[in-house]
1. I'd like the accessible area for residue 238, computed on protein heavy atoms only with a 1.4 Å probe and all protein chains in place. Round to 10 Å², please.
2. By accessible area of protein heavy atoms, probe 1.4 Å, what ranking do 88, 177 get, highest first?
3. Straight distance only, please: which lysines reach the Cα of residue 39 with their own Cα at less than 27 Å, same-chain residues fewer than 8 apart left out?
4. Could you report the accessible area of residue 32 in Å², rounded to 10, computed with a 1.4 Å probe on the protein chains as they sit in the structure?
5. Using alpha carbon centroids, what distance separates region 1-65 and region 81-123, in Å?
6. Hey, can you grab everything whose amide H is under 5 Å from the amide H of residue 44? Only 5+ residues off in sequence or another chain; H modelled, so Pro and N-termini drop out.
7. Label residue 101 and residue 206 with points 7 Å out from Cα along Cα→Cβ: what is the distance between them in nm?
8. Taking the Cα of residue 115, stepping 7 Å toward and past its beta carbon, and measuring to each backbone N in region 30-44: which are under 19 Å?
Amino acid sequence: MGRITDTVKGLLIVNVIFFVGSLTLGDKAFELFALWFPKNDYFQIWQIITHMFMHGGAGHIFFNMFALYMFGSHLESSIGQKKFLFIYFFSGLGAAGFQILFTYFEFSPGYQAYLSAGFSPSEVNDFIQSTIASGQYRVDPNIPQEVTEKMIGAYVTPMVGASGAIFGVLAAFAVLYPNLPLYIMFIPVPIKAKYLIGGYFLFDLYSGITGQAILGPSNVAHWAHIGGAVIGFITMWYWKKNSFNDRRWY
């Protein structure tokens, strides 16, 4: 896709540094820099930025950085460094917002159920902590175990990865070059960017709604992908419509 830009190179380096650091520090790195649900004691405000540089494994960081390498430099060369960084980080923030909102909808029914059962907020928190330690979910027979499991899962599962920011870059790329032919492994026929990237978005939307993973592992934060893509799409669409009328788009 052409020469790698200094901005993309810098993002790649920072992500690799964070990944190596997380391997060195172990769980402490995730406690500090992953994005936790706001009710979790590990939550800190800086995590809305630092989670974008954390990854859960070698495969996770490889595919994110490969996508950044393939599409990021081309996009930055077209729109400039400032606009590229705006899309990258604003999409990452949008991804965090979407995922936190989804997590809230997972957490809230169980939390409200325990409050309705007579638990105080502090008692619900104590129950969550003891449940995490013991792994025993059912306390009140009037509250379904599935509701409790979703509440606990939302509380204890952090969000990591640059995927939200990357999906913003991909969506922006598809808006900028909708008809550019792209090739993917094992498919010898070129696919236009708007169809390839749009199709991936639809897979994520289906998985987010149904909870059934089509591409990738089951613990993917699909709503983060969706949030990042939506922000990247809207931002690039607005710029293309209002700011770049004197440019040619492919």
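1. 130 Å²
2. The most accessible residue leads, giving 177, 88.
3. 28, 150
4. 60 Å²
5. Their Cα centres are 19 Å away from one another.
6. 36
7. If labels sit at residue 101 and residue 206, their model points lie 2.3 nm apart.
8. 37-41
The values are calculated or read from the model by the stated rules, or taken from the named source; none is laboratory data. Please read all numbers here as calculations on a predicted model, not as lab measurements. With ideal geometry, Cβ positions are generated from the backbone for all residues, glycine too; neighbour counts draw on all protein chains shown. With ligands, DNA and RNA removed, areas are computed over all heavy atoms of the protein, side chains included. Shrake-Rupley method; radii C 1.70, N 1.55, O 1.52, S 1.80 Å.
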